[in-house]
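Take a look at the structure below.
Where a number appears in this text, it was derived from the coordinates with a stated rule and is not lab data. Since the model is a prediction, treat every value here as computed from it, not as a measurement. Note that each Cβ is placed from the backbone with ideal geometry, even for glycine, and that neighbours are counted across all protein chains shown.
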Amino acid sequence: MKILNFLLRLLLPYQQTVILAGLLGVCTIGSNIGLMAVSAYLIAWAALQPPVLHLVGLAAAVRFFGLARAVSRYLERYLSHQVILQILSGLRVWFYQKLEPLAPACLLDERSGDLLSRLVQDVETLKYFYLKAVGPLLTAFLIMVPLVGWLAGFNVKFAYIIIFFFLLSGIVLPPVITALGRRARIQRAEVRARLYAQLTDSLQGLTEIIAFDLVPQRLNLIKQTSRELLGWQKQLMDLGALGNSLNGLVMHLAMWAVLVTAVAMVEAGLLPGIYLAVLALVVLSSWEAVTPLSFISSYWEESREAVRRLLKICEAEPAVQDPAVAETTPDNFNLQVTGLRFRYHNEGPWVLDNLHLHLPQGGRVAVVGPSGAGKSTLVNLLLRFWDYHQGEILLGGKSIKTYCQDDVLKLIAVVPQRTHLFNATIRENIWLARPQADEEEIIMAAKRAGIHSFIESLPQGYETYIGEGGFKLSGGQRQRLAIARALLKNAPILLLDEATAGLDPITEKEVLADIYKLMQGRTTLVITHRLTGLQDMDEILVLHRGQVVERGRHDYLLRKRGLYWAMWQQSHDRLY
Ligand SMILES: Nc1ncnc2c1ncn2[C@@H]1O[C@H](COP(=O)(O)OP(=O)(O)OP(=O)(O)O)[C@@H](O)[C@H]1O
């Protein structure tokens, strides 16, 4: 019921158009019935050789119904598709908007291909609910009621016959066909989602697949899944064909039953013989309204499954909820972390355990530590992607939980280890950090990030497309674009999360120099496991398994000869 409500509610804004399209559908089938009835009557009567003038009216009616059918069919399709396309595009936007607050915490377990399948295929499936379930149901009702009344006007037996076969075709057969195809439909949706996920994964990892010579393996996997999908699709098509044939059989049985009854009545002198062909053709043509009913229940099942899959994601609770009454911008940008404890799963180990950190406005603090120490987790908590369990993060003296996530994000510029670059121009990739920025500000940010002259050297300059994930750029150039974004955003707090990881020592040194320019006047938290350029930090926290094991300035920590010194030795040995 909830799903039906959900689907019907989407029709509400278009109710007038939907009713109009339904009436046009009735006109289309009604015209066809009229066309057949009048044609049969015309031919039968013409055989009796009446004066030609008596046939003119009937001939005009034939022409009228022929034209009316074509025009009303066109208008009905035009209106219904227009409404459906609007509903589907609205649904896609709605689904994307629902996904946004769930990212990244609640979407980590979802395959991106599967999400794509929901966004494209599941939404597309709903088209059939509107076009092939709601519309035909309405039309069948509006056609069959007057038709049964009209037949009863001749003889009530005709009404009983048509009602019996109508129920057989429209009510008894569909659930049987639906039940036979249930398993295939569920499997098809599952296999299709799997295929989408495999294709997305294969496209994203194409370079690795080629490098590790996994192409044949990958192709086999995709071929196998495609074959599986085809198998289920074929089963469903066979069932569809069976449904169509059975429906045709019922239609002809209905016609024969009416005809046999009518012949007996003609013989008994209860019905003029001229009506024999009229009755037979009216029954046949009225089946245009009944046939679609055979598939309504399977379309309904498919749509119900699609909505269930969409709602399953959309009804998930976001990992972070904005407060009902949120604080506005903080008075200052002091960051204070006290007794912070966090783990990703309730039964898992603490990833951050009793962390204390003080970062005054305009100060610079670094958090270093070996891989898996919990450094990126701290960034995730500062950006409010997850909520912490114990302790507090204070921004401007107030808990970060008292601000809306969007407001917190506006105050923080991040230079991450892996900057996502969009398949767009360089200009668009910088501009997205602050869409209100003008051309001059974009160029200024690129200049300060040390990438302007490189961009200018390209034939298309700032309008150069950088390919998916920015694959046409080097690692250093990608990081400089990230710095340009942070500069353009001009936020008071700066988070550098392994911003120079993966760069060679010379590029790292150059990028670090640009990063130092970026730090000026901003509250900066540097997260890194590479101990380069930390001499100017106000404080360095050494994190190990979620706990701070050492803290102090660079020279002090080196003198201490603890974990920091060991890490410094290691990175020093690796570099030189
Ligand atoms: N989404 C997640 N779900 C469950 N566990 C996670 C998740 N993200 C990270 N972890 C775990 O939390 C711990 C800390 O990970 P984190 O990424 O914060 O470490 P890190 O210090 O940033 O490491 P690196 O320097 O390698 O990036 C690790 O044991 C990791 O496996």
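Add -39500 (n - 2.57) for each DSSP H run of 4 or more in the chain, then divide by its residues: what number comes out at 222 nm, to the nearest 500 deg cm²/dmol? Show your work: numbers first, answer last.
Details: 21 runs with 349 residues, N = 576.
The helix-only estimate for the chain comes to -20000 deg cm²/dmol at 222 nm.
Return the sequence-ordered ³J(HN,Hα) values of segment 361-366 in whole Hz as given by the Karplus equation 6.51 cos²θ - 1.76 cosθ + 1.60 applied to θ = phi - 60°, using x for Gly and Pro.
Per-residue couplings from phi come out as 3, x, x, 10, 10, 10 Hz.
Averaging sequence separations of C-alpha pairs under 8 Å and six or more residues apart, then dividing by the length of segment 2-314, give the relative contact order as a whole percent.
Working: 300 pairs, mean separation 100.0, N = 313.
Relative contact order of segment 2-314: 32 percent.
With r as the distance between the Cβ atoms of ALA103 and TYR160 and R0 = 51 Å, compute the FRET efficiency 1/(1 + (r/R0)^6) and round to 0.05. Don't skip to the answer; put the middle values down first.
Working: r = 60 Å, r/R0 = 1.18.
E(calc), rounded to 0.05, equals 0.25.
Projected onto the charge dipole of the chain (+1 at Lys/Arg Cβ, -1 at Asp/Glu Cβ, origin at the Cα centre), which of LEU219, GLN479, ASN32 gives the Cα projection farthest towards the positive end?
Comparing the listed Cα positions along the dipole, ASN32 ranks first.
What is the dipole size for the chain, taken about its Cα centre, with +1 at each Lys and Arg Cβ and -1 at each Asp and Glu Cβ, in debye to the nearest 20? Don't jump to the answer; show the numbers that get you there.
On the way: 56 positive and 49 negative charges, 150 e Å.
Around 720 debye, computed over the chain.
How far is helix 475-489 tilted off the main Cα axis of the chain, in degrees rounded to 10, range 0 to 90?
90 degrees
Once the Cα atoms of helix 53-99 and of the chain are each reduced to a long axis, what angle between those two axes, in degrees from 0 to 90 to the nearest 10, is obtained?
Its long axis makes an angle of about 20 degrees.
Got a sec to turn the phi values of segment 428-440 into Karplus ³J(HN,Hα) couplings, 6.51 cos²θ - 1.76 cosθ + 1.60 with θ = phi - 60°, whole Hz, x for Gly and Pro?
Listing the rounded values in order: 5, 5, 7, 4, 4, 5, 8, x, 7, 5, 9, 4, 4 Hz.
Tell me, in nm to one decimal, what length is gained between GLN460 and LYS398 on full extension, where the rule is 0.36 nm per residue of separation less the Cα-Cα distance?
Numbers: separation 62, 0.36 × 62 = 22.32 nm, distance 4.72 nm.
Taking GLN460 through LYS398 to full extension adds about 17.6 nm, to one decimal.
What does the charge dipole of segment 239-309 about its Cα centre add up to, to the nearest 20 debye, if the Cβ of each Lys and Arg holds +1 and the Cβ of each Asp and Glu holds -1?
Values: 3 positive and 5 negative charges, 41 e Å.
The dipole of segment 239-309 has a size of about 200 debye.
Go ahead and run the numbers for FRET between GLU347 and ASP536, Cβ-Cβ distance against an R0 of 41 Å, rounding to 0.05.
With R0 = 41 Å, the Cβ-Cβ based efficiency is 0.50.
Which of LEU75, LEU495 comes first, and how do the rest follow, when ranked by fewest Cβ neighbours within 10 Å? List each step's numbers first, then the result.
Values: LEU75 17, LEU495 21.
The order, fewest Cβ neighbours first, is LEU75, LEU495.
If you wrap the chain's Cα atoms in a convex hull and average its projection over all directions, what's the area in nm²?
For the chain, averaging the hull's shadow over all directions gives 37.1 nm².
Between LEU311 and HIS81, what is the FRET efficiency for a Förster distance of 22 Å, r being their Cβ-Cβ separation, to the nearest 0.05?
After rounding to 0.05, the efficiency reads 0.30.
Placing +1 on the Cβ of each Lys and Arg and -1 on the Cβ of each Asp and Glu in segment 335-575, which of VAL365, THR338, LEU512 has its Cα farthest towards the positive end of the resulting dipole?
THR338
Between LYS560 and VAL172, what is the label-to-label distance in nm when each label sits 7 Å out along the Cα-to-Cβ direction?
8.5 nm
Fewest first, what order do THR532, THR328, THR523 take by the number of other Cβ atoms within 10 Å?
Values: THR532 16, THR328 8, THR523 24.
Fewest-to-most Cβ neighbours within 10 Å comes out as THR328, THR532, THR523.
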